[in-house]
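Input: a single structure, listed below in structure tokens.
The values are calculated or read from the model by the stated rules, or taken from the named source; none is laboratory data. Everything numeric in this text was worked out from a predicted model, so none of it was measured. Note: ideal-geometry Cβ built from the backbone for every residue, glycine included; neighbour counts use all protein chains shown. These accessible areas exclude ligands, DNA and RNA; they are computed on the full protein's heavy atoms, side chains included. Shrake-Rupley method; radii C 1.70, N 1.55, O 1.52, S 1.80 Å.
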Amino acid sequence: MPYVDRQNRICGFLDIEENENSGKFLRRYFILDTREDNFVWYMDNPQNLPSGSSCVGAIKLTYISKVSDATKLRPKAEFCFVMNAGMRKYFLQANDQQDLVEWVNVLNKAIKITVPKQSDSQPHSDNLSRQSECGKKQVSYRTDIVGGVPIITPTQKEEVNECGESIDRNNLKRSQSHLPYFTPKPPPDSAVIKAGYCVKQGAVMKNWKRRYFQLDENTIGYFKSELEKEPLRVIPLKEVHKVQECKQSDIMMRDNLFEIVTSSRTFYVQADSPEEMHSWIKAVSGAIVAQRGPGRSASSMRQARRLSNPCIQRYTSRTGECSTYVGSHANVPSY
């Protein structure tokens, strides 16, 4: 889903047909910046790219005349919408239907074009052809030619769409099931709890690389891609003390950052959206609780191990912490 980053810009991943009529869609990270009047896209989140990396493409918002659903135009491209800019049509693919609707809405609001809300009771094509779907007064438009590019603007200021719903980018509806960087193959093992792409920080060079993460009942591991069979690393859940949203995200200047804390290392992982970050935290935490069982937290398990050691019992009995004294000649069971 599109989300608002720390610079108050609307961001998210989409697939775009960069070469017109090629039919080949490439995964890109998009930033809608209304203050700079730009809609730009990069190879990846700029936070994950080397400093000073340039964008792959950019369009001035004033050049975009209309954004709409393209299901009829590209039936083979799922969740596709089209962006008319000058003499060209840009076709983009969203992650799901809700993602499509939200991108169309925020883009049309950014270019000051209102679009009718989709109605479940009428065909999709009818929704695109009507400007007053919910019985509101039709809005008039003015067409100007700027530098050979047709620019369409409403003659009256509209703060709501035709169904009376204002679109606030700070309150975007978000789905809890955001698709990963690429759509992975269904995991063959039913024990897999969650899988998808995230960006992690390296241990030595501290660089950030995109990896395919996979969580099962006992471990969380990451691969170079979903095509790889052997993981780069596997972290047993029994070694994980906690997983939480990273408190140093502002210092690292990273959105959607969470940390997996183990005895030997803290793994810093960046998700593609706030929903995906919380989804990973919930999934890993749930797997840890399920593995340890009810009431068996990490601290209680460590305490149980200490008290099961005869040497520890002998020491704690002297300090009054344990009522059982195991003498040097006591019959101590072997472990």
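Filter the range 263-293 down to the residues that are β-branched (V, I, T) and within 20 Å of the chain's Cα centre (by Cα), then identify the one that is surrounded by the fewest Cβ atoms within 10 Å (Cβ to Cβ). Taking the candidates together, the pick is I281. Filtered by the rule that a residue be more than 22 Å from R210 (Cβ to Cβ) and either open to solvent by less than 10 Å² (accessible area, probe 1.4 Å) or in contact with a Pro (Cβ under 7 Å, 6 or more places away or on another chain) (or both), the range 33-58 gives a lone residue, F39. Where strands (runs of 3 or more DSSP E) fall entirely within the range 1-114, those with at least 2 residues that are under 18 Å from the mean Cα position of the chain (by Cα) and under 30 Å from M252 (Cβ atoms) are at 10-16, 26-33, 38-42. Are any of the residues in the range 110-127 modelled with pLDDT of 90 or more, surrounded by 19 or more Cβ atoms within 10 Å (Cβ to Cβ) and of a type in the set (A, V, I, L, M, F, W, C)? Within the range 110-127 (the criterion being modelled with pLDDT of 90 or more, surrounded by 19 or more Cβ atoms within 10 Å (Cβ to Cβ) and of a type in the set (A, V, I, L, M, F, W, C)), the answer is yes, since at least one residue qualifies. The set of residues in the range 60-79 that are without any contact (Cβ under 8 Å) to a residue 40 or more places away in the chain and touching a strand residue (DSSP E or B) at 6+ places or on another chain (Cβ under 8 Å) comprises K60, A70, L73, R74, E78, F79. If I ask for residues that are surrounded by 14 or more Cβ atoms within 10 Å (Cβ to Cβ) and of a type outside the set (F, W, Y), which ones from the range 220-232 would you list? Listed by number, the residues that qualify are I220, G221, E226, P231.
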